[in-house]
Amino acid sequence: MDYSLLRELPNMNRLLEHPLLLGENRTLVKLAARKLLDELRADILAGKRDTLPSPDRCASLVLEKMKTYRKPSLRGVVNATGIVLHTNLGRAPLGKELYALAEAVYSGYSNLEYDIASGVRGSRYAHIEGLLCSLTGAEAAMVVNNNAGAVFLMLSALAAGKQVAISRGELVEIGGSFRIPDIMAASGALLTEVGTTNRTRLKDYARAVQDGAEVLLKVHTSNYEIVGFTESADVEALSGLAKEQGLPLLYDMGSCFLFDPKLPWLRDCRIARDGILQGADVICFSGDKLFGAAQGGILAGRKELIAAMKSHPLARVLRPDKLTLQALEATLDICRCPEEAMERIPTLRMLAAEEETLRDRASDLVRRLRELQPDWEIRLRKTEDEAGGGSLPNVSLPGYAAAIVPKSRSVDALEEALRLSETCIVSRIHEGELLLSARTLLPGDEERIAAAVAAL
């Protein structure tokens, strides 16, 4: 261990005056230089270093460290996993078209809460309420920051201090260990469990009403399925009981479509309008799942109930910002024409992608990668993709991927190299192969993957 090296560490002031660093931001230069000197000092004290880099090399290392300070933490990535609504990757991609439409809102001022016609203060909900009512058949609607917030507001405004009857089989837990019983307790609603985990009948709810239940709550199990010996009361039956007893029926649809996408592999197609038509007084669902828009919790239903939620103190706490509202409005507008929406909304286009199209895209990717890395084993592989996002459990989508086994490095090392590349390509490993799935690749992603592989 040569402690004399400590005396030879570059002087901070001299390092800052190096020609390579003179034109750079002084604050960032100081941060990076201090970081470099601390690392060199630690290496010397740990006996890991017996020489020091040259002054020119030290300046280059400072520049490299400065890049990490300038690189944003939140950035775009390539989703090659085959999971369309990947929760860790931001769920629904909005696509460049919506971004272009939003430029005026993003880059300057907007009429977020300003009524242009009258010149007085307006409501931020007004921008999407008409579209939501048109597409769902509801009397009124509003948006909060996500669907967990929608459920919380719905219970807080309409069920605080009241017994709420819900099936034991619907006491779901969503991501991050958020559970329906916990949300109900925090809202002030009183949980009344009815039926059993696998079988709950209408008479179970009727018995709960006789025992004092004042609100009926239906929760769709968006992220799991109970199969086998099962039974549940549907919304239409519950609506009959609720109307007979003069009670509100609240329906958390979790994730649903705004129209029937007519996908041949889809067994259970939940459409927002059906929740209203079947008699729910209020429905709520996610904006960034099968809706295919930005994160948001959509609430739609009877006018007086929506008004009660709009006036509740939590509404301001949970309200969405202008960027969310713009993305929702643009997506809702597209959804007025279902055929157009299936082409223009990235999530719907990915879900509807035909097997032959995916095979062709994956084959092209295989060909390009083989040209770049002829020594690697690269082949076309049939896959089972997923909708993801806790939206369509146990539904697999037939797809295709480029399957790679690299030479002179492990599959795990290749996955890490692609993930840490400038583009950040997120893939998956299955049965000893790295898979790059075609379904979730956006326009231009093949070029990004090719560039990253070429750089290896």
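Just so it is clear, none of the values below were taken in a lab; they were calculated from the coordinates. Everything numeric in this text was worked out from a predicted model, so none of it was measured. FYI the Cβ positions are ideal-geometry reconstructions off the backbone, even for glycines, and counts take in every protein chain you see.
A few notes on this one:
- Taking the range 430-445 and a reference point 7 angstrom along Cα→Cβ of Y99, the backbone N atoms nearer than 20 Å belong to 439-445.
- In degrees, nearest ten, helix 26-45 long axis to first principal axis of the chain (Cα): 70
- Whole-Hz couplings from phi, Karplus 6.51/-1.76/1.60, listed for the range 248-265; x for Gly and Pro: x, 10, 9, 10, 8, 7, x, 9, 8, 8, 8, 7, 6, x, 6, 8, x, 8
- Rounded to the nearest 20 debye, the dipole size of the chain about its Cα centre is 1080 debye, using +1 on the Cβ of Lys and Arg and -1 on the Cβ of Asp and Glu.
- Residues whose amide H lies under 5 Å from that of R199, counting only those 5 or more places away or on a different chain, are E231; hydrogens are built 1.01 Å from N in the peptide plane.
- Degrees, to the nearest 10: 126-136 long Cα axis against longest axis of the chain: 60
- For mean projected area of the Cα convex hull in nm², calculated from these coordinates, the label among [x] 21.2; [y] 29.2; [z] 27.5: [y]
- Per-residue Cβ neighbour rank within 10 angstrom, fewest leading, S167, S421, S123: S123, S421, S167
- Each stretch of four or more DSSP H residues adds -39500 (n - 2.57); spread over every residue of the chain, this sum gives -12500 deg cm²/dmol at 222 nm.
- Taking amide H atoms as placed 1.01 Å from N in the peptide plane, the amide H of V194 lies under 5 Å from those of I166, S167, R168, each 5 or more residues away in sequence or on another chain.
- 3J(HN,Hα) along the range 382-388, derived from phi through the Karplus expression 6.51 cos²θ - 1.76 cosθ + 1.60 where θ = phi - 60°, amounts to 6, 10, 10, 7, 9, 6, x Hz, with x in place of Gly and Pro.
- With a threshold of 25 Å on the Cα-Cα distance, the over-threshold entries among K67/K407; K96/K218; K162/K218 are K67/K407; K96/K218.
- Peptides 390-403, 293-306 ordered by average Cβ neighbours within 10 Å, highest first: 293-306, 390-403
- Near C256, the amide H atoms lying under 5 Å from its own belong to S286, L290, F291; only residues 5 or more places off or on other chains count, and H is placed 1.01 Å from N.
- Crossing angle, helix 322-335 versus the chain [Cα axis fit, 0-90 degrees, rounded to tens]: 60
- Separation of alpha-carbon centers, the range 233-273 and the range 397-456, rounded to whole Å: 39
- Alpha-carbon centroid distance for the pair the range 149-181 / the range 7-27, whole angstrom: 58
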